[in-house]
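In what follows, a structure is listed as structure tokens, so that the remarks can point back to it.
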Amino acid sequence: MENKERRIVVMKVVKTVLMAFIVGIVCVGTGFFELENVPLSKIMLSNAFDGIDYYPQYISMFTFQYMPLFVFQIFFATYIYKHFCSASVYYFSRNINRMKWFLKEAAKIYAQAVIYLFAMCVSQIIVISLFSTITIGSSAIIMTLYYIFIYSLYLLATTLAINVVSIMFSSNIGFITVQSIILLSISVFFVLGNYIKDDMLTGKIILLLKSNIIANLIFSIHSSRIGKINNLINIKGIDFDLNYSILYYLLICSVVIILGCYVVEKHEFITNSKEVE
């Protein structure tokens with residue numbers, strides 16, 4: 001049984017890597033092919049919505065760059081929920097401590113998110129290296145770590161939330177509810193520019209940015225205490241540290257995990273479900 005479970009885990013990782021490679025190749029920026037030397041930090045920034053500003057005309061560009069995150073959310077939307085369907089009642093006979101089980105499943109989603117983001121970046125680096133020379137500096141390594149850490153936490157928070165709401169109601173409601181919150185955050189972000197005069201950000205606008213789940217993904221409006229990183233971002237000149245976004249998503253993840261533990265512990269199996277095989 002252990003060997004079988006191990007093979008299942010390996011297959012899931014392989015599928016995640018393949019999906020990441022395909023998405024990475026599809027979403028690689030064509031502008032890189034025109035450059036002789038491409039800094040790795042520039043590749044990381046392109047994945048972190050580089051060039052996106054808080055005006056409606058940037059929505060189409062944002063939508064394209066957001067696609068890798070959306071694909072992951074779709075792929076893992078029923079990762080935990082499916083075990084609560086009637087076909088999987090036997091599964092819980094070997095997992096009496098549901099809370100411990102849920103925490104392990106959440107850890108698996110996070111691990112898959114890290115693997116997905118890393119593999120996607122690797123695929124882009126491979127493609128770009130066929131046409132250009134990629135330069136790697138200390139700032140690139142730091143930027144990569146920030147990208148993987150912040151974006152993996154975002155994927156964990158949103159994907160886990162989809163699964164938890166799905167357990168409470170249904171997979172359709174779970175996906176629609178979480179995506180509606182994300183769409184609302186996107187809408188709020190892209191109308192902010194209509195209320196900003198001469199690109200001067202007031203305290204209220206900065207507060208809206210820091211509390212917006214999407215704005216925390218956009219590195220270019222962030223700042224950093226590390227000089228060489230701050231020079232690559234912080235186009236708005238505001239105090240919006242990248243470390244703040246790490247804590248922000250950690251807080252959201254904590255709330256979702258606590259809620260998930262309660263729901264998983266109390267909720268019964270879904271009977272006659274046809275949503276998940």
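Between Ile182, Ile213, Ile205, the distinction of being in contact (Cβ under 8 Å) with a residue 24 or more places away in the chain and either surrounded by fewer than 16 Cβ atoms within 10 Å (Cβ to Cβ) or not in a loop (DSSP other than H, G, I, E, B) (or both) belongs to Ile182 only.
Against the conditions (1) more than 18 Å from His83 (Cα to Cα); (2) assigned to a helix (DSSP H, G or I); (3) more than 17 Å from the chain's Cα centre (by Cα), where does Thr144 fall short? Just the number, please. The failed condition is (3). The set of residues from segment 224-242 being closer than 19 Å to Ile206 by Cβ, among the hydrophobic types (A, V, I, L, M, F, W, C) and more than 21 Å from the chain's Cα centre (by Cα) comprises Ile235, Ile238. For segment 265-277, the criterion of being in contact with a Phe, Trp or Tyr (Cβ under 6 Å, 6 or more places away or on another chain) and modelled with pLDDT under 95 is met by at least one residue.
A count restricted to segment 234-256 and to residues that are touching a strand residue (DSSP E or B) at 6+ places or on another chain (Cβ under 7 Å) and either in a loop (DSSP other than H, G, I, E, B) or modelled with pLDDT under 95 (or both) stands at 4.
Conditions (1) surrounded by fewer than 21 Cβ atoms within 10 Å (Cβ to Cβ); (2) among the hydroxyl-bearing types (Ser, Thr, Tyr), marked per residue:
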{"residue": "Ala157", "(1), (2)": "no, no"}
{"residue": "Ser171", "(1), (2)": "no, yes"}
{"residue": "Thr177", "(1), (2)": "yes, yes"}
{"residue": "Phe189", "(1), (2)": "no, no"}
{"residue": "Asp239", "(1), (2)": "yes, no"}
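Among the conditions (1) free of Cβ contacts under 8 Å to residues at least 60 places away in the same chain; (2) crowded, with 16+ Cβ neighbours inside 10 Å; (3) not in a helix (DSSP H, G or I), the only one that Asp199 does not satisfy is (2).
One line per residue, one yes/no per condition, for (1) exposed (fewer than 14 other Cβ atoms within 10 Å of the Cβ); (2) within 14 Å of the chain's Cα centre (by Cα); (3) in a helix (DSSP H, G or I):
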| position | (1), (2), (3) |
| --- | --- |
| Met19 | no, no, yes |
| Lys42 | no, no, yes |
| Phe49 | no, yes, no |
| Asp53 | no, no, no |
| Tyr58 | no, no, yes |
| Phe64 | yes, no, yes |
| Leu69 | no, yes, yes |
| Phe72 | no, yes, yes |
| Thr78 | no, no, no |
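The values are calculated or read from the model by the stated rules, or taken from the named source; none is laboratory data. Treat the numbers as computed from the prediction; the structure is a model and nothing was measured. A quick note on method: Cβ atoms are made from the backbone with ideal geometry, for glycine too, and the neighbour counts reach across all protein chains shown.
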